[in-house]
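A short worksheet on the structure shown next.
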Amino acid sequence: MDRAGKSTSQNPCLNIGIIGAGLAGLAAATGLARAGHNIEIFEKSEFSSEVGAAINVCPNAVWEGNLINPATPQTQVIDATTGKITVRVPYTDLKERFGHPYYLYHRVDLHNGLRELTLETRQGHPQTQLRLSSEVVDIDCENGILTLKDGSQITKDLLVVADGVHSRFVNLINGKSADAEATGMCSYRWLIPKSKLLENPESKEFIGMREARRRTLSTPTETSGHRYWKSANQGQGGAQGIEDGAALGIIFANVTSKDDIPRLLGLFQEVRHDRAAAIQCLSNVGYDEAGTVGKLLEQYIQGPVPKTFDEIHQFNYGHDVMLEAEAAVIKSGLRRESY
């Protein structure tokens, strides 16, 4: 797959099953389909009543042709006790700085757009299949077998588990439980009509709100007022799912046989583990508290650890997952020339 999402591989296509049709599942499906593979997505819901608030898609999660209908945002961090704005960041220069703009969507709109992108027919590409009301209740990771709620079993060359933060299959993959732990933090979200906020002189600037740790984060959108397993302090949960999908597409464009799958999965782990772990660490604290996780970050970041607002932005938004995946593939010897 090249950077515009076109398959450059003449290698054999795999039959891949993806569990979950959320943002991460759809991103994985798009990347792998563009690499030339046969994709079947299993989603337990009927998509009849999608819900969600605003979601940001940062420059690190944008690759050519994968997003639509951008908004032009800015972010404000407000001390909820004093009401004073502590940080005001316009995002009008992010495309120049990081190669891509910063997008804001209503989550349902983003999901619908990604679903259309995933299922669209492309010349030379297999048609991706989306099976709704198809709950997966068990998986056999080693043999690529998934079991549906109706008892039927389906065998695939590769299974991608993207069934959300409360995944029922993590213990089957890792061989141990991964129960959620209390963080002591609470996050409140609500939707307020933009017109109502504009009527109040004290809130008319705040077209979006998120309150946590006695702070409010305001992110204007074009829709309505408001704003993984990660806390929301970096706004990178959806972005990391999209990064995963892009990396899968690059890496699995280099299949020569089914025997390559373990090696390619190892390469994916190499590309994604430390990046995702570092984002996880930063997501557990606010921008002004990054220094408290500095020692932990040193395990996952080569080079200086980001501590300031600008340094964290550079670390988050300046990452090019496709370039990193391409370099890892070349270094591994699976492909010796760049796209």
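The values are calculated or read from the model by the stated rules, or taken from the named source; none is laboratory data. Please read all numbers here as calculations on a predicted model, not as lab measurements. Reconstructed Cβ throughout: ideal geometry from the backbone, glycine too, with neighbour counts over all protein chains shown.
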Having 2 or more residues that are at pLDDT 65 or above is the bar; report the strands (runs of 3 or more DSSP E) wholly within segment 141-236 that clear it.
145-148, 153-155, 158-161
Can you say whether A328 is closer than 28 Å to F252 by Cα, crowded, with 16+ Cβ neighbours inside 10 Å and touching a Phe, Trp or Tyr at 6+ places or on another chain (Cβ under 6 Å), as far as the supplied structure shows?
no
Just give me the residues in segment 282-300 being outside any loop (DSSP other than H, G, I, E, B) and under 24 Å from I85 (Cα atoms), in sequence order.
L282, S283, Y287, D288, E289, A290, G291, T292
For G303, state whether it is part of a loop (DSSP other than H, G, I, E, B), on the phi > 0 side of the Ramachandran plot, loosely packed, with under 14 Cβ neighbours inside 10 Å and at pLDDT below 90.
yes
